[in-house]
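Bear in mind that the values in this text are calculations on the coordinates, not laboratory data. Just so you know, these numbers come straight off a predicted model, no measurement behind them. Glycine also receives a Cβ, built like all others from the backbone with ideal geometry; neighbour counts cover every protein chain displayed.
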Amino acid sequence: MPRYFLSVRYKAGPDGLAVDREGDELPDAALLADHVHSTARHLIGQTRVSGIDWRRCSLEVTDETGALVLTLPLADVAP
């Protein structure tokens, strides 16, 4: 099963990336976009709890080889 890593970009530069070292296994690559959007909505919902404005962040998704396969600005899914 393919594994994808959803790291959070919260500021520019190498120090501005919270790297996902565990990753998520998905049975089908076609499910990736739905999974990433669901994760983004969950993070945005945590804004009141954490005090972080997730809408200023993005998810950078890489595959097992480290190749960037998707970038999603969280503002794109913010209500």
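Per residue of the chain, what 222 nm ellipticity follows from adding -39500 (n - 2.57) for every DSSP H run with n ≥ 4, rounded to the nearest 500?
Value at 222 nm, helices only: -6500 deg cm²/dmol.
Karplus couplings for the stretch 16-22 from phi (6.51 cos²θ - 1.76 cosθ + 1.60, θ = phi - 60°), rounded to Hz, Gly and Pro as x?
x, 10, 8, 7, 7, 8, 8
List the residues whose amide H sits under 5 Å from the amide H of G23, counting only those 5 or more places along or on another chain, with H placed 1.01 Å from N in the peptide plane.
Result for G23 returns L6.
Quick one: which residues, 5 or more positions from L70 or on another chain, have an amide H under 5 Å from its amide H? H modelled 1.01 Å from N in the peptide plane, none for Pro or chain starts.
Distant-sequence amide H within range of L70: V61.
So how do T39, T71 line up by other beta-carbon neighbours within 10 Å, fewest first?
Ranking T39, T71 by Cβ neighbours within 10 Å, fewest first, gives T71, T39.
Can you compute the modelled spin-label distance between Y10 and L68, with each label point 7 Å from Cα toward Cβ, in nm?
2.0
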